[in-house]
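K.L.:
Attaching a single structure in structure tokens format; questions to follow.
The values are calculated or read from the model by the stated rules, or taken from the named source; none is laboratory data. These figures come from a predicted structure and were not determined experimentally. Reconstructed Cβ throughout: ideal geometry from the backbone, glycine too, with neighbour counts over all protein chains shown. The protein model used for the area step is the full one, side chains on, heavy atoms only, and it has no ligands, DNA or RNA in it. Shrake-Rupley method; radii C 1.70, N 1.55, O 1.52, S 1.80 Å.
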Amino acid sequence: MSKIAFMFPGQGAQKAGMGKDFYEQSESARKVIDKATELLDIDMKALCFEENDKLDQTEYTQAALVTVCLAMEHVLRERGLKADVTAGLSLGEYCAIASAGGMTTEDAITTVRKRGILMQNAVPGGKGSMAAVLGMTGEAIEKVVDEIDGVTIANYNCPGQIVITGWKESVEKASEALKEAGAKRVLPLNVSGPFHSPMLTEAGKELGKVLENVELSPLEIPYVTNVTAEYVRDISGTKELLAKQVASSVRWQQSVENMIADGVDTFVEIGPGRTLAGFMRKINRDVKVYNVGTWEDVDKVVSELC
């Protein structure tokens with residue numbers, strides 16, 4: 001019998017039109033999206049379904065993506081598909097916790113909205129940046145960036161793709177040093193801040209204060225945290241991990257490897273795009289990977305896995 005993991009994407013997966021077909025086809029998805037509109041006083045249908053400038057702004061992106069991903073997840077659970085463990089990349093971790101039973105859908109959406117605002121405002125525009133480093137190991141990149149102040153690793157996505165983050169000048173200096181050290185390419189990312197950098201430590205502390213007022217529940221299944229890449233079975237440590245996560249490296253590759261080591265052989269990416277499936281091809285080609293990003297995907301995945 002397959003051991004299934006639900007996985008949820010992070011910022012960058014968003015796109016206009018995401019979740020519209022779920023809204024039109026499913027009452028449970030409709031309830032999630034309408035509830036987000038009510039809670040946040042944001043027209044979530046306009047934000048998610050129509051072309052607009054706000055969807056790429058962190059303070060809006062995070063709430064929009066979590067809302068849509070959880071709407072899709074509700075449909076899958078309604079159709080009988082259950083996970084044995086969950087994980088999410090960066091803001092996707094909130095979906096993972098909600099899916100695992102540790103947080104309500106409403107609290108996931110409202111907390112991520114506040115998280116997005118804190119992250120958006122943490123560093124003045126233009127002062128920080130991020131870049132994807134292709135074709136180098138994490139260890140080799142660490143050796144280079146450890147010698148340069150103001151730059152660290154943001155994401156361990158998969159073999160051959162690591163993201164660095166920090167002060168703009170430091171990231172530019174590290175980018176040149178990494179090219180000299182053997183990187184195939186170093187690509188500046190179009191982001192509004194140096195996410196998962198120590199520059200966001202204060203934002204993490206502020207998020208910790210927000211989380212003090214969020215009621216968590218015992219987990220029904222474990223989830224894997226970005227900060228350590230380890231399974232979380234006890235909800236008592238979750239608030240501290242989420243506060244740390246804002247300024248810590250996202251250990252996605254290690255998270256996936258730990259799930260596979262635990263016997264997970266089937267991964268279902270829930271949300272727009274196929275970013276995590278792409279990472280999976282480089283992490284381990286022996287596991288099964290499904291995507292649920294459109295209504296048509298639901299029948300296929302449910303028929304094969306339920």
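K.L.:
Averaged per residue, what accessible surface does the range 229-306 expose to a 1.4 Å probe, in Å²?
P.N.:
46
K.L.:
Still on this structure, I have one more. Relative to the first principal axis of the alpha-carbon coordinates of the chain, what is the inclination of helix 58-78, with its axis defined by its Cα atoms, in degrees from 0 to 90 and to the nearest 10?
P.N.:
Orientation of helix 58-78: about 40 degrees from the principal axis.
K.L.:
Jot down the per residue volume, in cubic angstrom and as a whole number, of the convex hull over the alpha-carbon atoms of the range 19-178.
P.N.:
Taking the convex hull of the Cα positions in the range 19-178, it is 140 Å³ per residue.
K.L.:
Just in the range 1-51: which trypsin sites (Lys or Arg not before Pro) are loop by DSSP and have at most 11 other Cβ atoms within 10 Å?
P.N.:
Filter output for the range 1-51: empty list.
K.L.:
Shifting gears a bit: Can you grab the distance from the C-alpha centre of the range 146-190 to the C-alpha centre of the range 249-304, Å, no decimals?
P.N.:
26
K.L.:
Which whole-Hz couplings ³J(HN,Hα) result when phi for each residue of the range 89-105 is put into the Karplus expression 6.51 cos²θ - 1.76 cosθ + 1.60, θ = phi - 60°, listed in order with x for Gly and Pro?
P.N.:
Going residue by residue, I get 7, 6, 5, x, 5, 5, 4, 4, 5, 4, 5, 7, x, x, 8, 6, 4 Hz, with x marking Gly and Pro.
K.L.:
What part of the accessible area of the range 170-306, given as a whole %, is carbon or sulfur when the probe is 1.4 angstrom?
P.N.:
The nonpolar share, carbon plus sulfur, comes to 45 percent.
K.L.:
Of all the accessible heavy-atom surface of the range 1-59, with the other protein chains kept in place and a 1.4 Å probe, what percent is carbon and sulfur?
P.N.:
C and S fraction of accessible area: 40 percent.
K.L.:
Can you list the residues, at least 5 places off or on another chain, whose amide H is less than 5 Å from the amide H of Val289, using H built in the peptide plane?
P.N.:
Amide H neighbours of Val289: Phe267.
K.L.:
Which whole-number percent of Cα pairs in the chain have a distance greater than 34 Å?
P.N.:
Percentage above 34 Å: 16.
K.L.:
Additional query: I need the peptides 115-124, 174-183 ranked by packing, meaning the mean over residues of other C-beta atoms within 10 angstrom, with the highest value on top.
P.N.:
Top of the packing list down: 115-124, 174-183.
K.L.:
Using a Cα-Cα cut-off of under 17 Å, which aspartates and glutamates could be cross-linked to Lys300, ignoring same-chain neighbours fewer than 8 residues away?
P.N.:
Within the straight-line cut-off, Lys300 pairs with Asp21, Glu73, Glu78, Glu269.
K.L.:
Do the sum for the chain: with -39,500 (n - 2.57) for every DSSP H run of n ≥ 4, divided by all residues, what is the mean residue ellipticity at 222 nm, to the nearest 500 deg cm²/dmol?
P.N.:
Only helices count here, giving -14000 deg cm²/dmol.
K.L.:
If you don't mind, there's one more thing I want to ask. Can you pick out the pairs among Lys3/Lys114; Lys127/Lys244; Lys3/Lys168 whose Cα atoms lie more than 31 Å from each other?
P.N.:
Violating the 31 Å Cα-Cα cut-off are Lys3/Lys114; Lys3/Lys168.
K.L.:
Taking springs between alpha-carbon atoms closer than 10 angstrom, which of Ser99, Ser236, Ser129 fluctuates most in the Gaussian network model of the chain?
P.N.:
So, out of Ser99, Ser236, Ser129, the one fluctuating most is Ser236.
K.L.:
Determine the per residue accessible area of the range 108-155 with all protein chains present and a 1.4 angstrom probe, expressed in square angstrom.
P.N.:
Dividing the accessible area of the range 108-155 by its residue count gives 42 Å².
K.L.:
Send over the per residue convex hull volume for the range 1-66, Cα only, as a whole number of Å³.
P.N.:
Cα-based convex hull of the range 1-66, divided per residue, equals 108 Å³.
K.L.:
Which angle between 0 and 90 degrees, to the nearest 10, do you get for helix 295-305 versus the longest principal axis of the chain when only C-alpha atoms count?
P.N.:
Tilt relative to the chain: about 80 degrees.
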